[in-house]
Amino acid sequence: MGQLEIVTLQEFAGIWEDFSSPSAIVPPNVLLEAQDCDLYPYIQGCWLPNLFATLPAGQVVRRVGYLPEADTFLVLTEQKAFRVTSAGTVTDITPTSGFTGSQHWQVTAQQGKLYFVNGIDYIGEFDGTSITYSTVNGAPRGARFITSYQGHLVAADVLDAAGVRRPNMVRFSDIFQPTIWNGGIATDILLDSKSPITGLVVVQNTLVVFTRTEIFALPYVGATAVGMSPVIVQKQYEGVGCVAPGTIAVTPDGQIFFLAEDGFYRYNLASPPELISPYMKNLIQQIDRTATAQFCSCVIPQQSVYVVRLPLQGTSPQARAFHYRVGGWTRYLHSFYVNATSMQTLYLPAGWFAYVGVGNEVRRIAAPTGTTWVITTAFSDYGIPEVKRFQWMEIVGTPGTYYVTLRFGESAAASQTRTGPSVVISGTTTVLPARLYAPSVWGKYLSVSITSNAAGLHRIVLALERKGWRAS
């Protein structure tokens with residue numbers, strides 16, 4: 001005798017996987033490969049990429065910065081630097097001297113200019129048209145990290161005057177003087193730590209410095225005399241740190257997400273770092289320490305999703321997405337997100353977008369505005385491993401016409417799917433509830449394809465009959 005069970009697939013937001021080809025099918029139950037994996041409780045939705053600009057062949061995009069004063073983008077590759085207008089026009093602005101191509105760029109904005117470092121050169125300055133370098137007045141060279149804080153440029157993990165690397169040093173320029181590092185209230189701070197700095201971030205008007213095993217806060221107190229430090233140094237937490245700068249992502253409301261040695265953390269200055277998922281621990285410990293700079297991540301605030309691309313391990317590059325409001329990781333293979341070499345979020349005046357690099361292309365990632373959704377999941381992720389028989393599905397959304405195709409299967413392979421009915425459901429009420437019946441379709445895996453002339457799909461509810469296993 002079957003048992004009727006209601007499953008609500010909601011939070012239709014997150015990451016999109018194309019179900020059109022078998023190689024793109026990655027059901028969430030792949031997460032069962034790790035016993036300490038979080039439960040994947042909800043279906044993810046879509047994250048829509050559009051081509052923004054194409055660079056000359058052979059370029060590999062590593063960082064995209066936006067300068068609102070000039071409405072212009074700075075695109076840094078492994079070989080060159082490019083200026084890209086909001087219309088997508090590309091201009092090569094690589095300096096003839098002082099510039100070294102790199103895989104690892106850091107960019108910050110101050111006073112209508114962008115400043116960038118790569119761990120090799122002096123600090124570069126982009127004014128919306130061209131790039132220049134400051135090499136005097138104690139200017140730091142070889143900085144691996146840079147940010148802007150209370151009118152100061154802040155560089156960290158730098159080379160000293162003798163060319164020796166100082167992985168625990170944080171340097172502040174004079175206030176509103178980004179080219180002066182040895183006068184005014186310019187300050188050098190050597191952190192009391194044996195771990196190298198792994199990231200800088202400014203959140204809630206506080207500079208946060210990560211090492212591999214600690215978190216420091218450097219609140220601004222100002223300086224009343226020349227030579228005084230404008231900040232104080234507070235070691236906030238010991239035993240928790242960031243593994244790589246590319247894992248740090250910040251939400252508009254001040255939440256900081258990062259990967260540590262023992263998993264995935266959330267931190268907001270008001271409370272201790274919270275381990276919200278130990279799932280990544282095993283993967284992080286397997287990664288070659290020389291490859292940690294290959295991490296790249298971003299946060300998608302509209303969908304409450306954190307995405308991280310992991311360094312290449314063998315021949316299997318991969319990206320993972322975490323829905324930080326409801327929990328749960330999803331793994332992606334053979335997809336746009338895996339190949340993205342620069343994942344970041346830029347908050348533009350006109351709204352939110354993410355700009356990422358894929359080869360010699362810059363992609364703009366917008367919030368879901370399309371009207372086609374394709375999702376796939378395994379019911380075992382809901383703690384219900386038995387074969388299911390579908391009874392009915394209810395769609396709740398804004399008024400419109402919805403074209404629905406259901407596929408069930410014993411496995412994720414396209415050859416194993418059993419296609420259910422394709423139907424048209426129309427609604428005229430403010431919130432559309434409509435039911436689709438197909439009791440003859442069954443399986444352990446489900447995919448749903450929905451196309452609509454309305455963009456507001458709120459919730460999907462399934463009624464499923466639990467069918468227990470029978471011994472042969």
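The values are calculated or read from the model by the stated rules, or taken from the named source; none is laboratory data. Remember, it's a predicted structure, so these values are computed and weren't measured experimentally. Don't worry about glycine lacking a Cβ; one is built from the backbone with ideal geometry, like all the others, and counts go over all protein chains shown.
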* Structure fact -> Going through (1) modelled with pLDDT of 90 or more; (2) over 20 Å from the mean Cα position of the chain (by Cα); (3) crowded, with 16+ Cβ neighbours inside 10 Å one by one, PRO95 fails only at (3)
* Please state which one of GLY199, GLY183, GLY241, GLY246 is surrounded by fewer than 23 Cβ atoms within 10 Å (Cβ to Cβ) and of a type outside the set (Lys, Arg). => GLY183
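Only one residue in PRO273, PRO278 is modelled with pLDDT of 80 or more, more than 30 Å from GLU69 (Cβ to Cβ) and crowded, with 19+ Cβ neighbours inside 10 Å, so which one is that?
On the way: PRO278 fails: crowded, with 19+ Cβ neighbours inside 10 Å.
Only one candidate qualifies: PRO273.
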* To do: Check whether at least one residue in the stretch 259-281 is in contact with a His (Cβ under 7 Å, 6 or more places away or on another chain) and touching a residue at least 60 places away in the same chain (Cβ under 8 Å), and report yes or no.
  => no
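Can we say PHE210 is in a strand (DSSP E or B) and more than 21 Å from THR290 (Cβ to Cβ)?
Values: in a strand (DSSP E or B): yes; more than 21 Å from THR290 (Cβ to Cβ): no.
Spelling it out, it is not the case that PHE210 is in a strand (DSSP E or B) and more than 21 Å from THR290 (Cβ to Cβ).
Checking the conditions here, which among PHE73, PHE116 is farther than 19 Å from PHE145 by Cα and under 23 Å from the mean Cα position of the chain (by Cα)? Let's see the steps before the verdict.
Values: PHE116 fails: farther than 19 Å from PHE145 by Cα.
Checking each option against the conditions leaves just PHE73.
Restricting attention to the stretch 167-185, which residues are in a loop (DSSP other than H, G, I, E, B) and either within 19 Å of VAL107 (Cα to Cα) or among the charged types (D, E, K, R) (or both)? If you could, list the steps in order and put the result at the bottom.
Taking the stretch 167-185 first, the residues in a loop (DSSP other than H, G, I, E, B) are 173, 175-176, 178-185.
Once the filter is applied, which keeps residues that are in a loop (DSSP other than H, G, I, E, B) and either within 19 Å of VAL107 (Cα to Cα) or among the charged types (D, E, K, R) (or both), the stretch 167-185 yields SER173, ILE175, PHE176, PRO178, THR179, ILE180, TRP181.
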* Please state which of the following conditions GLY254 fails to meet, knowing it meets all the rest: (1) closer than 14 Å to VAL240 by Cβ; (2) out of contact with any Lys or Arg (no Cβ under 7 Å at 6 or more places or on another chain); (3) small (Gly, Ala, Ser). => (1)
* Could you tell me which numbered condition GLY241 fails, if it satisfies all but one of (1) over 21 Å from VAL299 (Cβ atoms); (2) in a loop (DSSP other than H, G, I, E, B)? => (1)
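Which residue out of GLY199, GLY142 is closer than 21 Å to ILE120 by Cβ, touching a residue at least 12 places away in the same chain (Cβ under 8 Å) and touching a helix residue (DSSP H, G or I) at 6+ places or on another chain (Cβ under 7 Å)? Spell out how you get there, then give the answer.
Details: GLY142 fails: touching a helix residue (DSSP H, G or I) at 6+ places or on another chain (Cβ under 7 Å).
So the residue among GLY199, GLY142 that is closer than 21 Å to ILE120 by Cβ, touching a residue at least 12 places away in the same chain (Cβ under 8 Å) and touching a helix residue (DSSP H, G or I) at 6+ places or on another chain (Cβ under 7 Å) is GLY199.
Take the residues in the stretch 203-228 that are polar (S, T, N, Q) and more than 18 Å from THR247 (Cα to Cα); name whichever of them is modelled with the lowest pLDDT. Talk me through it step by step, then tell me what you get.
Within the stretch 203-228, the subset polar (S, T, N, Q) is 204-206, 211, 213, 224.
Next, only the ones that are more than 18 Å from THR247 (Cα to Cα) stay: 204-206, 224.
Details: GLN204: 87, ASN205: 89, THR206: 94, THR224: 79.
The selected residue is THR224.
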* Asked: Looking at the stretch 158-165, is at least one residue within 21 Å of GLN106 (Cβ to Cβ), crowded, with 17+ Cβ neighbours inside 10 Å and of a type in the set (Asp, Glu)?
  -> no
* To do: Note down all Cβ pairs under 6 Å where the first residue falls in the stretch 351-375 and is under 24 Å from LEU55 (Cα atoms) and assigned to a strand (DSSP E or B), the second is at pLDDT 60 or above and among the polar types (S, T, N, Q), and they're at least six residues apart or on different chains.
  => ALA354/THR345; VAL356/SER342; GLY357/THR341; GLY357/SER342; VAL358/ASN339; GLU361/THR54; ARG364/ASN50
* Before we move on, is GLY263 at positive phi, more than 19 Å from the chain's Cα centre (by Cα) and modelled with pLDDT of 90 or more? -> no
* Test: ASP188 is assigned to a strand (DSSP E or B), over 30 Å from the mean Cα position of the chain (by Cα) and either on the phi < 0 side of the Ramachandran plot or modelled with pLDDT of 95 or more (or both) -> yes
